[in-house]
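Heads up: the structure comes next, in C-alpha cells.
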Amino acid sequence: MATTNEYQLTDSPTEGISSVAFSPTTSQFLLASSWDCSVRLYDISSDKTRFRYDHNSPVLDACFTDSVNTFSGDMKGNVLTYNINAGSQTFVGCHNEAVRCVEFCPDVNALVTGSWDKSVRLWDPRGRNVVGSYNQPDKVYTMAICGHRIIVGTAGKHVIIYDLRNMSVGEEQRRESSLKYQTRCIRAFPNQQGYVLSSIEGRVAVEYLDPSPKMQKRKYAFKSHRIKEHGRDFIYPVHAIAFHNQYNTFATGMFNNKIRKVSECCSGDLYVKRQFKQ
C-alpha cells in the first residue's frame, strides 16, 4: 500500500520499466523507458504524460542531455533522440547489437552509449554523430558518469574506467569486480571519489577510484536483499542503485519490490555505514 509520501503515476507502461531519470533542471519531470518499446515523459506534479515516442523494439535505457532533449537506445541497437519543444523524433545511429546503456556527460558535452556488441561509443549530441568507438572486453551491462570519467561494467566482471577528456590514450584503470558473481549495476558517488557496484547474488560493493593502498583499505562489500522465509534463504539480484546528491546516501532495489537505503558518508575522516530496510 502506498504511504503518504509516495504515489503511483497513471498511464504507466504496459511492460517492465527499464530506466527512469529526472530532468536535469527540475524534479517535476520524469523520463521512463520501457520494454513496451516506449519512452515517456511524466509531469509528476499533475500526473500527466507530457510526451511519448516509440522505438521498434524494447527500450533498455534513456537519458536527458538538457532540459529539452532526450536520447534512448533499444534492443535492436538503435539510438533515437526526441526534442520536447519541437515534438520531433530523430534517428541518431546504431550499434551492432542491443544498446544497454545511455549516459550523458555534461563536463565534456558527450553522449555515451554501451552495447552488447562489446563497444562503447561517444556521440556529439548537437551534430548527432559518432565521435569515437572503443572496444570492450565483453558485453556492456552498466555504465556510470563520474565527473569527466565513465565507469563501464561488462560481462566477465570487468570494470573499466575512462577519462572522457582524452579517450585516445585508452583506459585509465581496469579492475575486476570484488564481488563473486556477475555485475548488475554501477553508480558513482556524488563527490566523484568512487562508485557502488551490485551483483546478481544480492551483494553490494563500495569502491574508490584512488588506487593508493590507503584508499583501497576503505572499500567494503555487504550482503543485501536477502530474505529468510520458512527456514529458506532467498537471494535477489540487486538491479538498481540511486544516490541522494545532498545527503551522500544511496538506495538499492530488486525485483521483489523491496528497497534498501544505505547511509554512507565517505568524506574526510568521517566514515559511517548503516543499512535501513524499507
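The values are calculated or read from the model by the stated rules, or taken from the named source; none is laboratory data. Keep in mind the model is a prediction, meaning the values are calculated, not measured. All Cβ positions, glycine included, derive from the backbone under ideal geometry; neighbour counts span all protein chains shown. SASA here: full protein model, heavy atoms, side chains in, ligands and nucleic acids out. Shrake-Rupley method; radii C 1.70, N 1.55, O 1.52, S 1.80 Å.
Among the residues of region 103-136, the one identified as in a strand (DSSP E or B), among the charged types (D, E, K, R) and touching a residue at least 40 places away in the same chain (Cβ under 8 Å) is GLU103. Kindly indicate whether any position in region 209-222 is open to solvent by less than 10 Å² (accessible area, probe 1.4 Å) and out of contact with any His (no Cβ under 7 Å at 6 or more places or on another chain). There is no residue in region 209-222 that is open to solvent by less than 10 Å² (accessible area, probe 1.4 Å) and out of contact with any His (no Cβ under 7 Å at 6 or more places or on another chain). Taking each residue of region 232-247 that is in contact (Cβ under 8 Å) with a residue 12 or more places away in the chain and on the phi < 0 side of the Ramachandran plot and looking for partners that are open to solvent by 50 Å² or more (accessible area, probe 1.4 Å) and of a type in the set (A, V, I, L, M) with beta-carbon atoms closer than 6 Å, six or more apart or interchain, yields PRO237/ILE200. Considering the conditions (1) in a strand (DSSP E or B); (2) in contact with a Gly (Cβ under 6 Å, 6 or more places away or on another chain); (3) free of Cβ contacts under 8 Å to residues at least 24 places away in the same chain, ARG100 is excluded by exactly one of them, (3).
Exactly one residue out of ASP117, ASP138, ASP61 is farther than 24 Å from ALA242 by Cβ, surrounded by 15 or more Cβ atoms within 10 Å (Cβ to Cβ) and within 19 Å of the chain's Cα centre (by Cα): that is ASP117.
Total residues in region 136-195 satisfying the condition of being within 20 Å of HIS239 (Cβ to Cβ) and small (Gly, Ala, Ser): the figure is 7. Comparison of THR81, THR90, THR70 shows that the only residue that is part of a strand (DSSP E or B), touching a strand residue (DSSP E or B) at 6+ places or on another chain (Cβ under 6 Å), more than 23 Å from THR14 (Cβ to Cβ) and without any contact (Cβ under 8 Å) to a residue 40 or more places away in the chain is THR90.
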